[in-house]
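Engineer: First the structure, then my questions, so here it is.
The values are calculated or read from the model by the stated rules, or taken from the named source; none is laboratory data. Remember, predicted model here, so these are calculated numbers, not experimental data. Cβ: placed from backbone, ideal geometry, glycine included. Neighbour counts: every protein chain shown. All accessible areas refer to the heavy atoms of the entire protein, side chains included, with ligands and DNA or RNA removed. Shrake-Rupley method; radii C 1.70, N 1.55, O 1.52, S 1.80 Å.
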Amino acid sequence: METSKVRAIETIIAQFKDGQTLAIGGQTATFMPERLIQCVLDSGVRHLTVYSIDSSDPGVGVGRLIDAGMVDRMITTHVGTNPVTSAKINSGEMQVELCPMGSFIERVRCGGLGLGGVLTKTGLGTLVEEGKQLVTVNGETYLLETALRADIALTRSRRADPIGNLAYRGSSGRASHPMIATCGARSIVECDHLCDLGELPPDEVEVPGLFIDMILA
């Protein structure tokens, strides 16, 4: 019998350390792992690097970590919904690498699958290209976007069973969560409904439990 991966909040809080890289699922404050973000806040850590589709809005999602001054650097697709992020970038308090959304998701996917990166034409001839390697294949030039791998991945699912099999509902309920869940050296999930073992139909499982290390009780 597999051992349950459900952990108490105190155990989750203890996972966070100064200087870690966190990958956080969700988009524009929709279906964010708010309980796990609260765990990060309660840990009091500093100098984080965050991978996320965006920086949410002030006071919600990733924005809560930015408000608290915990984030030194982000790799993200846009910051336009959060004026606090923009102000911190302009003041030099935060560094941000902007990445096209498709490239961002592919980089996360590569991190989860153990690949080195993805070749894409998106960003060629723009600021996105600066400092990155160009690769020629069959006479065509591509931009190498390297894989994104985090110390800890924080995601949310609609349903989970005790060994970490995850199921989602709707496009907003996914919002990068299945990809993000795979890219962390340690992957922690919060779920809306904790199911009994065997309750989730296999064809509804989108992230198998082998990727998941802890489930917030």
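Engineer: Say each of Asn138 and Glu199 gets a label point 7 Å from the Cα, pointing the same way as Cα to Cβ; how far apart are those two points in nm?
Structural biologist: Modelled inter-label distance: 4.9 nm.
Engineer: Right, another one. Which value in Å is the Kirkwood Rh of region 131-217 over different Cα pairs?
Structural biologist: For region 131-217, inverting the mean 1/r across all distinct Cα pairs yields 14.3 Å.
Engineer: Here's another thing I want to ask about it. Given H placed 1.01 Å from N in the peptide plane, which residues other than close sequence neighbours of Thr77 have an amide H under 5 Å from its amide H?
Structural biologist: HN-HN under 5 Å from Thr77: Asp54, Cys99.
Engineer: Students sometimes get this wrong: rank Lys17, Lys88, Lys132 by accessible area, probe 1.4 Å, all chains present, largest first.
Structural biologist: Ranked from most to least accessible, the order is Lys17, Lys132, Lys88.
Engineer: Still on this model: Add -39500 (n - 2.57) for each DSSP H run of 4 or more in the chain, then divide by its residues: what number comes out at 222 nm, to the nearest 500 deg cm²/dmol?
Structural biologist: When only DSSP H runs of four or more count, the value is -6000 deg cm²/dmol.
Engineer: Within region 139-213, report the trypsin sites (Lys or Arg not before Pro) that DSSP leaves as loop and that have at most 12 other Cβ atoms within 10 Å.
Structural biologist: none
Engineer: Based on alpha-carbon positions alone, could you give the equivalent ellipsoid semi-axes of region 60-120 from the gyration tensor, as √(5λ), descending, whole Å?
Structural biologist: 25, 12, 10
Engineer: Evaluated at 37 °C with a viscosity of 0.692 mPa s, what Stokes-Einstein diffusion coefficient in µm²/s does the chain have when Rh comes from the Kirkwood expression over alpha-carbon pairs?
Structural biologist: For the chosen part, D equals 186 µm²/s.
Engineer: Right, here's the next one. Treating the angle as unsigned and between 0 and 90°, give the value, to the nearest 10°, between the Cα long axis of helix 101-113 and the longest Cα principal axis of the chain.
Structural biologist: 50
Engineer: Take the Cα pairs of region 103-156, get the Kirkwood Rh, then feed it into Stokes-Einstein at 20 °C and 1.002 mPa s and tell me D in µm²/s.
Structural biologist: For these conditions, the coefficient is 179 µm²/s.
Engineer: Next question. How big is region 83-182 by the Kirkwood estimate over distinct Cα pairs, in Å?
Structural biologist: Roughly 15.8 Å, rounded to one decimal.
Engineer: Separate question: Expressed as a fraction of 2.2 N^0.38 Å, the rule-of-thumb size for a compact globular protein of N residues, what is the C-alpha radius of gyration of region 10-138?
Structural biologist: 1.11
Engineer: Follow-up question, since we're still on this one. For region 7-75, just the Cα atoms, rotate onto the principal axes and tell me the three extents in Å, largest first.
Structural biologist: 28, 23, 17
Engineer: Between the DSSP loop rule and a limit of at most 16 other Cβ atoms within 10 Å, which GluC sites (Glu not before Pro) in region 86-175 are left?
Structural biologist: Taking region 86-175 and a limit of 16 other Cβ atoms within 10 Å, the loop GluC sites (Glu not before Pro) found are Glu93, Glu130.
Engineer: Under 29 Å Cα-Cα from Lys5, which lysines qualify once same-chain neighbours fewer than 8 residues away are excluded?
Structural biologist: Lys17
Engineer: Can you give the angle from 0 to 90° between the axis of helix 34-43 and the longest principal axis of the chain, with both taken from C-alpha atoms, to the nearest 10?
Structural biologist: The angle comes out at about 80 degrees.
Engineer: Run the reach check for Lys132 against lysines, Cα to Cα strictly under 28 Å, same-chain hits fewer than 8 apart removed. What comes back?
Structural biologist: By straight Cα distance, Lys132 reaches Lys88, Lys121.
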